[in-house]
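Since every read-out is calculated from the coordinates, none of them should be taken as a lab result. This one's a predicted model, so the numbers in the text were calculated from it and none came from an experiment. Note: ideal-geometry Cβ built from the backbone for every residue, glycine included; neighbour counts use all protein chains shown.
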Amino acid sequence: MLGEYAITGGRAADIAASVERGVSSGALLPGVALPPMRELAAELGVNPNTVAAAYRILRERGLIETDGRRGSHVRAKPATLAREAIRTELPPGVRDIATGNPDPALLPSLTEALAAAARRYAGRQGRYGDEPVVPELEDAARAAFGADGLPDGPVALASGALDAIERLLSAHLRPGDAVAVEDPGWAGLLDLIPAMRLKVLPVALDDDGPLPESVAAALGRGARALIVTDRAQNPTGAVLTAERATALRELLAHHPDVLVIDDDHGHAIVHQPLHTLAGATRSWASVRSVAKAYGPDLRLALFTADRVTADRVQGRFQLGPGWVSKLLQYAVVDLWERGTHDTAAVARSYGTRRDALIAALGERGVAARGRSGLNVWVPVADETGAVARLQAAGWAVAPGARFRVASSPAVRLTVSQVDVSEMERLADAVADAVRPGPGTRYA
């Protein structure tokens, strides 16, 4: 059951910590069965209620799950083990198209932006008690949100999109509440929700966004929040269309207490227009990270929200980090004011690469999805085998297990650092990997 790993402890907290150490170290692998409570209690010399309390702690932390007579098991993707850890070390010569990074050649140089930020800061140094958003950034963000049809609301900041989403969920939800989220969806979000002791309710989607019937089912099961990626959906590239947004708004009108969060992380790397769900319910927010367009190390996400939600998030933020660095804020202001970074050209470049790969795969009879963003999603029958065969062919792709809850197996290919001239060769490798010949041995 546990191999050579021994669970220790005399208190519930100690027993839970022992199991957590085993999961973190890799000694207790995903899916491994834990001892029945009475059996472990007898082994440790404690009351069975103590073990029951330890297992409850572990369930709340997203580490284990209990399934009736099957007992308790380490979760397939425990919160302690981030989905990004589901990977293998790459041998020399293998191209990494798994990690989802933007093309460095399409990112602006931050040298002048940071120098300009330092100059602004020298004349207006930050102080405790200052407003959390510098006026120039707030004005620019408000104008951009308004131009995209978002409701008028406060402008706030967080240290990246995932930080913003965590704070928004914390402002309204409590442990045990359910969150409707796209499946397949963003790996970081699928890790975050159970880590917050919240429950994931998967929502199916097609290229036009979440399916209304699947959203309705999640709301019927008690979802307190819905998170939707407007554009550049990770991993499928889906784009929320005007028609789908209208259908979802009509549905959400019957659930006014649900928190709706738009994740628009791809706003500056896509050419598709925004169709927001913001304002469909009383509690809403729309989040925009600058990481994909300006660099992953520029840890800043802007969001707007209804007044109550914004006040809750900003009030709690002031009790922790306090504010996002004014230097980073001024750097973003400089990038926007100078306007030297051609985001339309960036969107075209990514679109050309995606379209080239999808067309090449189609010529080989391989279905693929990728309407926007950096990624192409390829359904496969044997996910593990496809990943292994592609690596043997010189390409490291992301296993769909990082992004799935109940949806079908697939692999994700990030095209941001693959030249169009390489797409035919990549398509050949993918076709061979997903449709191996009769003599091919599965990994």
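Kindly provide the Kirkwood hydrodynamic radius of the chain in Å, to one decimal, from all pairs of distinct alpha carbon atoms. Kindly include the intermediate steps, with their values, before the conclusion.
Numbers: mean 1/r = 0.0426 Å⁻¹.
Evaluated over the chain, this radius sits at 23.5 Å.
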Net charge over other residues, Cβ less than 12 angstrom from the Cβ of LEU277 (K, R count +1; D, E count -1)
-3
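Using Cα-Cα distances under 8 Å and only pairs 6 or more residues apart, what relative contact order does the chain have, in percent?
17 percent
For TYR350, TYR128, what's the fewest-to-most ordering of other Cβ within 10 Å of each Cβ?
By the 10 Å Cβ count, ascending: TYR128, TYR350.
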Given the convex hull of the Cα atoms of segment 379-429, what is a quarter of its surface area in nm²?
3.7 nm²
Size of segment 222-372 as Cα extents on the principal axes (Å, biggest first):
54, 43, 23
From fewest to most C-beta neighbours within 10 Å, the residues MET37, MET423 line up as MET37, MET423
Most exposed to least, judged by fewest other Cβ atoms within 10 Å, HIS271, HIS341 sort to HIS271, HIS341
Rg(Cα)/(2.2 N^0.38 Å) for segment 358-443, N = residue count:
1.01
